[in-house]
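Below is one structure; the comments refer to it alone.
Read the figures in this text as sums done on the coordinates, not as results from a lab. Just so it is clear, the model here is predicted, and its values are computed rather than measured. Neighbour counts are summed over all protein chains in view; Cβ atoms, including those assigned to glycine, are modelled from backbone coordinates with ideal geometry.
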Amino acid sequence: MASLLFQTIEQISREKHIEPAVIVAAIEDAMVVAARKYYKTDEDMRSRFNPDTGHVDVFTVRTVVEEVADPIREISVADARRQTPGIEVGGEVTQPKPTEVLGRIAAQTAKQVILQKVREAERDTIYNEYHTRVGELINSIVKRTEGPDLIVDLGRTEARLPKREQSRLEAYNVGDRLRVTIRAVERAAKGPQVIVSRADPALVQRLFEMEVPEIYDGTVQIRAVAREAGERAKIAVESRDKDVDPVGACVGMKGMRVQSIIRELRGEKIDIIPWNEETLAFAQKALSPAKVTRVQVVDAEEKRLEVIVEDTQLSLAIGKKGQNVRLASKLIGWNIDIKSEEEKRREIEEKMNALTAPTTPLSALLGVGPKTIDKLEAHGITSVERLADMTPEQLLEIPGIGDKMVEKIRQSVAGHFEAIEAGLSAPPAEAAAVEGAEAIEALDAIEELSDVVAETEQAEGEAGVETAGAGDLEASATENPSGEATPEEASAETETGEAAADAPEAAGTPEEGSTEADAESETASEQPASESPDQEKENNS
């Protein structure tokens with residue numbers, strides 16, 4: 001019987017990878033539980049496995065004390081010495097309990113306790129074994145599917161391959177052999193849950209360690225890995241030996257090494273990049289196969305880089321759906337902003353125009369309160385021109401500004417620019433003053449010209465009267481008894497008056513006003529000269 005029990009313990013120990021002492025402790029605890037349930041007592045019961053006989057002995061234990069307070073668990077010194085002479089206070093007195101009387105129910109209870117204890121020990125063993133192997137590459141076999149997840153067999157236990165850890169280009173069938181990496185080990189109610197992955201970047205690194213001897217012996221190191229499972233991966237490698245090319249060692253002769261890894265990953269593309277301690281130089285290599293024109297640091301604290309490429313290289317640098325720049329950003333650990341040379345040139349031009357263009361403070365807006373202005377300035381809007389470039393949706397993103405305030409701001413901005421346009425179309429005050437002065441000078445010149453014409457006509461008239469004689473004077477007096485001006489004189493006076501009337505209109509523009517005034521003056525001065533011979537003929541007649 002003893003040999004059979006030992007054989008059973010050893011067999012379970014080998015199958016479950018559990019120490020025999022753990023199984024023995026589980027059997028002892030099960031016997032105590034079964035005996036307590038059978039005897040229905042609160043006594044301190046213990047059990048001991050006897051390796052010689054193969055039996056499990058159950059007994060009660062009471063502590064020796066001077067004064068007994070709990071008769072079930074304590075015993076006096078006198079009573080204890082009757083059973084065990086020479087025992088002292090603090091000792092323990094045992095009393096065996098027969099186990100032959102334990103029936104089927106007690107045996108079933110013991111069985112359940114043993115199974116539970118063994119299962120807990122097995123869980124602890126599995127957890128202790130796998131939680132230290134996170135990131136390790138292991139072989140597995142697809143056992144079954146549970147919804148979108150796969151259950152794979154690792155040999156000693158089962159592991160879960162979640163949907164998020166599967167490659168998008170791969171399809172799995174029951175019985176397929178997979179190389180996976182241990183992603184995590186979690187404690188669960190049903191035991192430790194081992195999570196494996198086919199999308200982990202560590203899978204690429206472990207595959208290179210297996211295929212490339214230089215990486216396995218440490219001559220070549222993999223410094224960084226970035227991956228989008230099923231599509232593309234980038235690895236940065238560095239050599240400790242200057243005579244060993246890290247990229248060539250990973251690629252292998254005719255690409256044999258890297259092609260083996262690509263086949264394992266079901267056609268996933270791999271970019272092998274030499275590592276560089278300089279961030280700018282490393283960023284240029286990380287964006288391969290695109291050719292980078294220049295790289296500059298935008299913000300060192302937030303780790304932001306700005307990369308400028310040629311216009312023809314922009315799409316290649318960004319990659320399909322931004323894949324190339326995302327992988328490069330993960331590889332170097334910096335945020336990358338890619339711009340073409342044309343975009344950079346336009347950006348510089350806009351900044352230069354913004355610096356040279358005049359700006360108007362927000363306080364110049366009418367109808368916008370100081371609280372609203374403070375909110376706008378806190379959001380980085382410090383000028384009316386900047387405010388005019390913003391859309392209503394951008395204004396609504398500012399805390400404390402609603403639809404009504406947005407409409408009010410738009411009306412104020414529109415009114416501001418309308419006022420500026422109206423001010424530009426009206427003549428300035430100084431220009432109006434100059435034009436008014438020029439108009440006055442033109443009127444003065446016309447009045448002086450009129451006086452000269454009048455004196456000339458008067459002098460010529462007196463000369464005609466003296467030569468004609470008294471008869472002519474009487475005839476002219478008879479023809480014009482009222483002393484009114486002749487038609488020629490009236491025409492000359494009318495033209496002079498029109499010239500004087502046109503002078504105020506010439507004040508619209510200084511150059512045109514002066515030109516028209518000079519033209520009218522010349523006309524007025526030429527008119528009397530052309531009419532004086534006719535007047536002389538009439539006077540002589």
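Which parts of segment 115-158 would a label at K190 reach, counting a residue when its backbone N lies under 14 Å from a point 7 Å out along Cα-to-Cβ? Of the residues in segment 115-158, 144-152, 158 have backbone N under 14 Å from the label point off K190. Within segment 295-399, the proportion of C-alpha pairs whose separation exceeds 20 Å stands at 59%. In terms of packing, defined here as the mean over residues of other Cβ atoms within 10 angstrom, the peptides 251-260, 174-183 line up highest first as 174-183, 251-260. Were the residues from I87 through R179 laid out at 0.36 nm apart, the gain over their Cα-Cα distance would be 26.6 nm.
Loop-located trypsin sites (Lys or Arg not before Pro) in segment 1-68 (DSSP state not H, G, I, E or B) with no more than 16 neighbouring Cβ atoms inside 10 Å: K40.
Using the Karplus curve 6.51 cos²θ - 1.76 cosθ + 1.60 with θ = phi - 60°, work out ³J(HN,Hα) for each residue of segment 321-332 in order, rounded to whole Hz, and write x for Gly and Pro. Each residue of segment 321-332 in turn: 6, x, 5, 5, 6, 5, 5, 5, 5, 5, 5, 8 Hz. Taking label points 7 Å from Cα along the Cα-to-Cβ direction, V61 and E342 give a separation of 8.8 nm. In this calculation the C-beta distance from S315 to K242 is compared with R0 = 41 Å, giving a FRET efficiency of 0.65. Extending 7 Å from Cα along the Cβ direction at D70 and again at L4 yields two label points whose distance is 3.9 nm. Pop the C-beta distance of E302 and L169 into the FRET formula with R0 = 25 Å and round what comes out to the nearest 0.05. According to the calculation, E is roughly 0.15.
Which whole-number percent is the relative contact order of segment 1-129 (Cα, under 8 Å, 6+ apart)?
This gives 28 percent for segment 1-129.
Rounded to the nearest 0.05, the FRET efficiency derived from the C-beta distance between T293 and E264 at R0 = 30 Å is 0.25.
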